[in-house]
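S.K.: This is the structure I have questions about; it appears just below.
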Amino acid sequence: MADSVPKPSSSVKLVLLGEAAVGKSSLVLRFVNNDFQENKEPTIGAAFLTQKCNLPTRTIKFEIWDTAGQERFASLAPMYYRNAQAALVVYDLTKPTSLIKAKHWVAELQRQASPGIVIALVGNKLDLTSDSTGTAEDDGESSAAADSGDSGDARKVSTEEAKTYAEEESLLFFETSAKTGHNVREVFTAIANAIPETSLKSARGPGAGAGGVGAGRNNEEQQRVNLGGPRDPNAKEGCAC
Amino acid sequence: MDERREAGTGSNVSINSNKTNDGATPPPPLPRRPKPTSEASSGALQVGAPAQSKPTTAVSSIDIATLSFPDGSRGTFPTTAMRAISTPVPGGARSGYATPNREGLGLSPMGSNELSDSVSVMSFAPTMRPPGDLASLVAGELNKKSRAWNLLRSQSANVPPFESARTETLNNNDTGLAGFEREFDDIPDLTVSQSGEGSITDEDRLALWKAKMKHYMILSSAGKPIWSRHGDLSLINSYMGVVQTIISFYEGAKDPLLGFTAGNARFVILTEGPLYFVAISRLEESDAQLRSQLDALYMQILSTLTLPALRNIFAHRPSTDLRKPLEGTESLLSSLADSFTKGLPSALLGALECLKLRKSQRHTINNAFLKLRSDKLLYGLIVAGGKLVSVIRPRKHSLHPSDLQLIFNMLFESGGIKSGGGENWVPLCLPAFNNRGYLYMYVSFFDGRTDSTEPPQQESPSPPEDEIAIILISPDKESFYELKEMRDKVETCLTKNGTLDIIRNATRAGRPKISDIAPGAQISHFLYKSRANVQFSMSALEPSFTDLTARRRLMSLYHQLHASMHGRHSHLKVLHAVGREAASLAWITPIFELYCVAGPNISRGVMAQGANKIIQWAKREEERLFIIGGGVF
Ligand SMILES: Nc1nc2c(ncn2[C@@H]2O[C@H](COP(=O)(O)OP(=O)(O)OP(=O)(O)O)[C@@H](O)[C@H]2O)c(=O)[nH]1
Ligand SMILES: [Mg+2]
């Protein structure tokens, strides 16, 4: 993945919001370290992490604020989303109240955050539902089937309900599993792609762009990603991070 | 050996025994023994406290100024003998101790009255003597002629160390630590185990709960359970209710209950406004020790909520369920509680441990740290493997050990921050600094920051105890990026001048080893506290005291020694106690406190010599072992 030619790179400030224990830190841990911890302890305050995302034409450096979901930290949230260009609002699809909380965050972001902010709604813990094969290989299609027949299905929020809401509010929408890694990288890639080029302040001069990225990752471009809203859903690029 | 046992150890009750039925049978009269600590009557067993048993033929205690107790333990109480040989302080005796003042690190001692409590005018003179005199104190002329002394001497060549007793002569039943290795195991959930084949009943779970040697509970004065270390609240709700009823009964009678004993468990209660804190211990800690542990739990709650917020919550609704506002801090309370149960020298001594570094190296680090200081900074700390490396602070603000204990617990004992990777921005209240408001703490581990383009290469991560953290505390909640910038500069600077590697190596080198400090001293372990610096040093726990039970056994001895020395009416300056498992020695002067432990039949003389070597070492190494001064701005 040695990119001999420097690509334009830009920083994107991203904030994660959502009820306690929905898996915000786990999603970040999966994205940044490709790791998962079964009994992750609650975040205290907020954690700041960075991770680069190589797109074919540019490099996005995510500056991630993983906030604590506990109620008592809620008053600090504006500090983290104030200048954010992207937000990942997470709920636990086995816990309906967490979707209600997520809707509150979306409303607050739409009211208070910067106008152009890209918001993704993420239903996490897909591995606990029966419609998940539980593997990272599983593609995005299966999440569209919201049937919950089998016993052992812990799903409490149907894909339809969340997806409809996401479309109404022009949000990106994904169902993920931080545990298996399913759809996690796709969320961040979709966000990277959805950030309008104009809002990126380039850190480096223009470089020779296309095609140089690790070919193995490029097949992700073919993957179906549920992109809602007005942003161009065709401008997908592989994220090789 | 057997002869000596005949004489000295009449019964089989070890000093760790639970049998302290005070007052059931009056202990035999003891000659020339100063009033023991007040703790004795509270049910906590002291080293050398008389336990109920049959009298024995004691070693001629007058001769050697050692008292034998019926349980087989013996203690040396430096009463007449000590004063008799007290002499004026030779000039410059304290010259090696650069910092008897508070200015140093700016740490304020845990109990501000500690000094006055334990230093009496009468006993001041002998303790002012320069180190090196302990041997003459406890093994002076007086003793050398005695038959018993000679007998002891002859044994000293063959001293099984304290730690060997663990496997050879004792099983943990004797030490009251049976099952301690399971102390921290979770009590299984009903739901989880029902799905498995061997379903567990509530009785089983209660039995597991009752088998724990240490419990902590927090409840509101209205009776709402808030937190308990073991057992989910549904399991133990009724017990909480009983506790609440008992406490309220005494509250109602305007005669607050401080503690009581039931069987071999000691209950200690701390009431703080609307909150009741209860510790239940079968580990033979003193009431004062348990109370200070409860106080630390209270501080943790204040650190989460601040005092005005806590008061507010209960002023509006006395029946509030505090679990909600404290949600997510359960693991902090638990890890704090567990470090007490394991035995935490820093908590026992109310002092901090520093990383041993050369004075010039520490100086270099302090200077770099000071030079790169952000305007927003209140306190800056570098911590490696849980030991303090460097501190910078404003002249007018000191750092309190109890606040640092909360920070260390959050960073090193519980997983919330450490496991996350990245940098952290944590609002917290440091109650000893100011219990009314929040500060903001920037935390970053020097190796742990992720800044990778590539997926992280799986290089061996350093074990948590080796991790180096930088902690920058500011009153300004918006100062994250400034402090982050400061951190980056400090890292660059320390990397460039090589001190980061020095810190890393010093951390890896671990704690000092007795074999280096006092070769051949036959001492198994020691704690040395520099009182003026409010810091301590201890010898390595490896290899003998690393497993849970062995470590607790050692720490229990220290707790008993400490309690004997710090009881309210205790004016002991030197205590030498011998039990079936161990001989221990405590020595307190205005400058230091030394606690050491050796095998049971080490002679007092040999032990005293070893202690002297440790004191001399600490004096020699003082400026490396302790942060003296620190960076002040
Ligand atoms: N089965 C399953 N468990 C998950 C998943 N993601 C997270 N968890 C678990 O859910 C719990 C909470 O995860 P965290 O990542 O700490 O949640 P959080 O949103 O960061 O919580 P706060 O920091 O308190 O706001 C942990 O025990 C995780 O192991 C997932 O995709 N599947
Ligand atoms: Mg989290």
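The values are calculated or read from the model by the stated rules, or taken from the named source; none is laboratory data. As the structure is a prediction and not an experimental result, all values here were calculated from the model. FYI the Cβ positions are ideal-geometry reconstructions off the backbone, even for glycines, and counts take in every protein chain you see. With ligands, DNA and RNA removed, areas are computed over all heavy atoms of the protein, side chains included. Shrake-Rupley method; radii C 1.70, N 1.55, O 1.52, S 1.80 Å.
S.K.: When you count, for each residue, the other Cβ atoms within 10 Å and take the mean per peptide, how do B:236-249, B:483-496 rank with the highest first?
M.R.: Per-residue Cβ counts within 10 Å, averaged per peptide and sorted highest first, yield B:483-496, B:236-249.
S.K.: Per residue, how large is the accessible surface of the range B:259-370? Use a 1.4 angstrom probe and give square angstrom.
M.R.: Using a 1.4 Å probe on heavy atoms only, each residue of the range B:259-370 averages 33 Å².
S.K.: What's the average, rounded to a whole number, of partner chain beta-carbon atoms within 10 Å of each residue's beta-carbon in A:47-54?
M.R.: Mean number of neighbouring Cβ atoms from other chains: 6.
S.K.: In Å² (nearest 100), what accessible area is buried between B and A, both sides summed, heavy protein atoms only, 1.4 Å probe?
M.R.: Summing both sides, the interface buries roughly 2600 Å².
S.K.: Continuing with this model, one more query. Let's test the formula: R0 of 41 Å, r as the Cβ-Cβ distance of B:N505 and B:D189. What FRET efficiency results, to the nearest 0.05?
M.R.: 0.35
S.K.: So, one more: Peptide B:423-429: average number of partner chain Cβ atoms within 10 Å per residue?
M.R.: Working: counts 5, 8, 10, 7, 8, 2, 0.
Mean shielding by partner chains, rounded to a whole number: 6.
S.K.: Using a 10 Å cut-off on Cβ atoms, rank the peptides A:178-184, B:375-381 from the highest mean neighbour count down. Spell out each step's value before the answer.
M.R.: Numbers: A:178-184: 23.7, B:375-381: 21.0.
For the peptides A:178-184, B:375-381, the packing ranking is A:178-184, B:375-381.
S.K.: List the pairs from B:K224/B:K387; A:K103/A:K179; A:K13/A:K40; A:K103/B:K489 whose alpha-carbon separation is above 32 Å, in the order I gave them.
M.R.: Among B:K224/B:K387; A:K103/A:K179; A:K13/A:K40; A:K103/B:K489, the Cα-Cα distance tops 32 Å for B:K224/B:K387; A:K103/B:K489.
S.K.: Quick one: order B:Y216, B:Y438 from most to least accessible surface, probe 1.4 Å.
M.R.: Result, largest first: B:Y438, B:Y216.
S.K.: Taking 0.36 nm per residue of separation and subtracting the Cα-Cα distance, what length does fully extending B:E621 through B:H397 add?
M.R.: Details: separation 224, 0.36 × 224 = 80.64 nm, distance 2.71 nm.
Value of the extension gain: 77.9 nm.
S.K.: A further question on this structure: When only the heavy atoms of the protein chains count and the probe is 1.4 Å, how do B:D255, B:D186 rank by accessible area, highest first?
M.R.: If we order B:D255, B:D186 from most to least accessible, we get B:D186, B:D255.
S.K.: Continuing with this model, one more query. Per residue of B:324-331, what is the mean number of Cβ atoms on other protein chains within 10 angstrom of that residue's Cβ?
M.R.: That works out to 5 on average.
S.K.: Between A:E175 and residues 5 or more places away or on another chain, which pairs have amide H atoms under 5 Å apart, with H built 1.01 Å from N, and which residues are they?
M.R.: A:G123
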